[in-house]
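> Take a look at the following structure, please.
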Amino acid sequence: MNTLKPPTPEVLERRARIAKLVAFGKRTGYGALLTSIVAFVISAVHGFTGWTVTIATIGLIIACLVLPGAIVFGYGIKAAEREERGGGSFH
């Protein structure tokens, strides 16, 4: 039987720092995505003016850069915590 040792305080501290960055990344990424959607709707209503297209494009770029890492690291933190509780893995 494979038993796990409890995490050290350093590991818990590092995980807490990463969790804060993940939360910030998700807020930033989803906020940028929402901004992009709103700008696109405004743009569609007003005939695709330059500034609305620019805002929609920048919002999508920011969301594409920030969200994937935040989501993956968030799943990693949840998996580590589940493993420590003895919940096992998805496999």
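The values are calculated or read from the model by the stated rules, or taken from the named source; none is laboratory data. Small disclaimer: the values here were computed from a predicted structure and weren't measured. Glycine gets a Cβ as well: all are built from the backbone with ideal geometry, and neighbour counts include every protein chain shown.
> Among the candidates 72, 53, 66, single out the residue that is assigned to a helix (DSSP H, G or I), touching a Ser or Thr at 6+ places or on another chain (Cβ under 6 Å) and surrounded by fewer than 16 Cβ atoms within 10 Å (Cβ to Cβ).
That would be 53, the only listed residue that is assigned to a helix (DSSP H, G or I), touching a Ser or Thr at 6+ places or on another chain (Cβ under 6 Å) and surrounded by fewer than 16 Cβ atoms within 10 Å (Cβ to Cβ).
> Go through (1) at pLDDT below 95; (2) assigned to a helix (DSSP H, G or I); (3) loosely packed, with under 12 Cβ neighbours inside 10 Å for residue 90 and report which single condition fails.
It fails just one condition, (2).
> Consider residue 43 carefully, then state whether it is touching a Ser or Thr at 6+ places or on another chain (Cβ under 7 Å), assigned to a helix (DSSP H, G or I), among the polar types (S, T, N, Q) and farther than 15 Å from residue 69 by Cα.
When the stated conditions are applied, residue 43 passes them.
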